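The block underneath contains the structure these notes are about, expressed in structure tokens.
The values are calculated or read from the model by the stated rules, or taken from the named source; none is laboratory data. Bear in mind that the values here come from a model prediction, so they are computed numbers and not experimental data. Cβ: placed from backbone, ideal geometry, glycine included. Neighbour counts: every protein chain shown. Only protein heavy atoms, including side chains, enter the accessible area calculation; ligands, DNA and RNA are left aside. Shrake-Rupley method; radii C 1.70, N 1.55, O 1.52, S 1.80 Å.
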Amino acid sequence: YTAGCLCRDVAEDKGVQFGKQSVAAVAEITFRQCENFARDLEMFARHAKRSTVTTEDVKLLARRSNSLLKYITQKSEELTWSNMEQKEKKKKKSSAAKGGRTSGEQAAAVTESEDSNMA
């Protein structure tokens, strides 16, 4: 279905028509290529003695297409930054929930209690 929609969009843009057999051939080639990609990704992970495919495996797969590799690298970096920001927010929420103090306030409280113990 997706291959058909893409062929229809390209046909409209370029002013050409695709026959049913052409659309079917594009769909079949796309499906086979996806199967090859999946096998390659599994092999990359297995070679690295991992059971999980990582973004590095995907980048390795995309290495022959500079534009695709650049796009995947960019998206990977965006996801990394987003995940880091979410972790920071969770840390701030959990520390605020535990005592309502930030790490600086906690350090000041410890110093005050040490000073009072010395007196």
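R0 = 41 Å: FRET efficiency of residue 78 with residue 22, Cβ-based, nearest 0.05?
The formula returns an efficiency of 0.70 here.
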May I ask you to give the solvent-accessible area per residue for segment 1-80, in square angstrom, as obtained with a 1.4 angstrom probe? 83
Of the heavy-atom accessible surface of segment 1-80 (probe 1.4 angstrom), what whole percent is carbon and sulfur? 57
Could you run the Karplus curve 6.51 cos²θ - 1.76 cosθ + 1.60 with θ = phi - 60° over segment 68-85 and give me ³J(HN,Hα) per residue in whole Hz, x for Gly and Pro? 5, 4, 4, 5, 5, 4, 4, 5, 4, 5, 4, 5, 4, 5, 4, 5, 5, 5
Bin width 10 Å, origin at 0, all Cα-Cα pairs of segment 1-80: what percent of pairs per bin? 17, 31, 32, 17, 3
Pop the C-beta distance of residue 36 and residue 11 into the FRET formula with R0 = 35 Å and round what comes out to the nearest 0.05. 0.85
To the nearest 0.05, the calculated FRET efficiency linking residue 68 and residue 97 through their beta-carbon distance, R0 being 35 Å, is 0.25
